[in-house]
1. May I ask which of Lys88/Lys210; Lys110/Lys210; Lys161/Lys189; Lys154/Lys210; Lys88/Lys165; Lys165/Lys210 have a Cα-Cα span longer than 21 Å here?
2. Can you compute the label reach from Asn101? Point 7 Å from Cα along the Cβ direction, backbone N cut-off under 17 Å, restricted to the stretch 9-28.
3. Within 10 Å of each residue's Cβ, count the other Cβ atoms and sort His42, His93, His207 from fewest upward.
4. Starting with the highest mean, order 181-187, 57-63, 209-215, 128-134 by the number of other Cβ atoms within 10 Å, averaged over the residues of each peptide.
Amino acid sequence: MSLRTAQIRLVSSHPEVYEPCDDSFALVDALLADRINLVEHHPVLCMEVGCGSGYVITSLALMLGQEVPGVQYIATDINPYAVEVTRKTLEAHNVHADLINTDIASGLEKRLAGLVDVMVVNPPYVPTPEDEVGREGIASAWAGGENGRAVIDKILPSADKLLSKRGWLYLVTLTANDPSQICLQMMEKGYAARIVVQRSTEEENLHIIKFWRDFDIQMDAKDIVPNKAAPVGVMDTLLSQVHRLSFRRSASSNNN
Ligand SMILES: C[S@@+](CC[C@H](N)C(=O)[O-])C[C@H]1O[C@@H](n2cnc3c(N)ncnc32)[C@H](O)[C@@H]1O
């Protein structure tokens, strides 16, 4: 059983590229926590949006390794330096991904529509003034505009187009991003959700949320009120999970 992830000493760097940090580690821990499911899922195409240093896509390729042969990996980043750094990180670990310098998945949506089995995203989620979003270089790593949602709100519809019918999305969110509202938004599109990892640091409260299509739960957000039938169990569990975790300030913990 391979539990390898990218080695920090082999992760390349550049002053304009986001270095692996708590959020990157939490995302990789979520993938590790779900590794058996991922292996059984047998993804054909895995994609990372916003690959930065390449730590996450490299770790995913290493942890699936030879147990899931023939997987194709694709990673995008709006920062050209990030694409170069990711290339070096992949090479240092002897794994391969196709790398594209683009805005989210611009130029790929037609070709990859409905084909991505696993998507991983650690987006720029920090609340900032709107005019900081989309700036060149390292600022693009964190600037998320109002509520930190500017880029997340563009990624979600793109993910919906790209994910295969059995596709899974792992998304890093911060409490300030209103993760329960993100879940409701995705539920309207027919996705179920589960918090795979929750982590509180001195600075932030992170949730790594996994989304997958579950056509039984498709509903209007207006239906999500007490006493309406819909998938009460799923909604209650998820929303209570999100609300509970949003207010929790405990030490780092996993929630599988
Ligand atoms: C928080 S960093 C995460 C980097 C890496 N995935 C990790 O977890 O360490 C966010 C990354 O998203 C990239 N990014 C920001 N906006 C983007 C966009 N519109 N399209 C693609 N990548 C974007 C940034 O350049 C940055 O590399």
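1. Among Lys88/Lys210; Lys110/Lys210; Lys161/Lys189; Lys154/Lys210; Lys88/Lys165; Lys165/Lys210, the Cα-Cα distance tops 21 Å for Lys88/Lys210; Lys110/Lys210; Lys88/Lys165.
2. 13-18
3. His42, His93, His207
4. Averaged packing, sorted descending, gives the order 57-63, 181-187, 209-215, 128-134.
Coordinate-derived values only; no laboratory data. As the structure is a prediction and not an experimental result, all values here were calculated from the model. Note that we place each Cβ from the backbone using ideal geometry, even for glycine, and neighbour counts take in every protein chain shown.
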